[in-house]
1. So if I check each of Leu166, Leu140, which one is outside the structural domain of Thr242 (by TED's automatic domain parsing), of a type in the set (A, V, I, L, M, F, W, C) and closer than 27 Å to Ala275 by Cβ?
2. Here is a list of conditions, (1) surrounded by 17 or more Cβ atoms within 10 Å (Cβ to Cβ); (2) more than 20 Å from Pro230 (Cα to Cα), and Ala278 meets all of them except one; can you say which number that is?
3. Can you find a residue that is within 18 Å of Ser241 (Cβ to Cβ), of a type outside the set (Val, Ile, Thr) and in contact (Cβ under 8 Å) with a residue 40 or more places away in the chain anywhere in region 302-322?
4. Going through region 180-204 one residue at a time, which ones are surrounded by fewer than 16 Cβ atoms within 10 Å (Cβ to Cβ) and farther than 15 Å from Asp270 by Cβ?
5. Tell me yes or no: at least one residue of region 185-204 is part of a helix (DSSP H, G or I), under 15 Å from the mean Cα position of the chain (by Cα), free of Cβ contacts under 8 Å to residues at least 60 places away in the same chain and within 25 Å of Thr302 (Cβ to Cβ).
6. On the given criteria, is Lys258 of a type in the set (Lys, Arg) and under 28 Å from the mean Cα position of the chain (by Cα)?
7. Sort out which residues of region 243-275 are polar (S, T, N, Q) and free of Cβ contacts under 8 Å to residues at least 40 places away in the same chain, and write them in order of number.
8. Taking region 130-143 as the region of interest, how many residues are more than 24 Å from Gly224 (Cα to Cα), modelled with pLDDT under 90 and not small (Gly, Ala, Ser)?
Amino acid sequence: MNMVSGVNEVEVKAGKSSGNQETRCPPDKIVIDVARGAYICEETGEVLEERIVDQGPEWRAFTPEERERRTRSGSPLAPAMEGIGLVTIIDYKDRDATGKKLDLKKKMEYARMRKWQIRTKVQNAIDRNLTQASSELQRLANSLGLPKEVQEQAAIIYRKAVETGLVRGRAIESVVAAALYAACRIMNVPRSLDEIAQYTKSGRKELARCFRLLYKELDWKDLGLEMPKPDPFHHVPKIISTLGLSGSIEATAKEILKKIRDTGIGAGKDPAGIAAAAVYIACLLNNEKKTQKEIAMIAGVTEVTVRNRYKEIVKALKLNLPLT
């Protein structure tokens, strides 16, 4: 009888027998009878569960090379792609598997196949919407230099908005941009509404309206997500790296933000402006020459905003710095 030992207690339904009575068998004494498909206790001989489903592959491998050669799997799910990445795509390279160019007859044949694939892939209005949104999301994410994880998170949010009916009557571009901004907030990627609005035709006002709609109407708990409040801390690394400042200035800026967190001076203020002011103060304290204009430009705020936040922080922390 082929036995496999060392079964985890969780795999045996928390150690319960078929009679729903808790078994006294220790987990290290429970083995699997592969031939019969059952969990058996070595000490008592009790059959804890029968007809278990083998969720492993139907093949066996005895060496790592053999396992790697026999493993079969498709591409991972990609929410940002059409059909969540499960659709076969006929590309436009017109080359075979070895990289050789196709002859004219084959090119025409694949062109017809490609045309019918596009026609059959879009079945209804929702499919057309998602297809258009997918290309727009990819364009916008590439323009902003956002990582793939943020793009896929935005795709999940947008799909939920389509299912909820929030996209109906609104521009796809605006809702896609709002979903991308929400994904940036969730994944702590510092991108402001103004930065995203630069690459859309809708404008900041429409983008903010769509984001508020998503924030109020979507069931974020159902998505397993939580929308965090904007935090100045997430803007500091971007400002520091773009200006080429040292790590000591970044540490000082974050220390300043920690001190003002409980003062309340940041309530209702743009977090990018607060982060810019903290970096400017850190530069002064570390004798680094950077102007308010330079820092404001990188942070995406005005020089007046940096100056006002600077004065508020200096007063709140009673720093020995000029208020001009």
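The values are calculated or read from the model by the stated rules, or taken from the named source; none is laboratory data. Predicted model, so just to flag it, every value in this text is computed and none were measured. Don't worry about glycine lacking a Cβ; one is built from the backbone with ideal geometry, like all the others, and counts go over all protein chains shown.
1. Only one candidate qualifies: Leu140.
2. (2)
3. Within region 302-322, none of the residues are within 18 Å of Ser241 (Cβ to Cβ), of a type outside the set (Val, Ile, Thr) and in contact (Cβ under 8 Å) with a residue 40 or more places away in the chain.
4. Asn188, Gln198, Tyr199, Lys201, Gly203
5. yes
6. yes
7. Ser248, Thr252
8. Of the residues in that region, 2 qualify.
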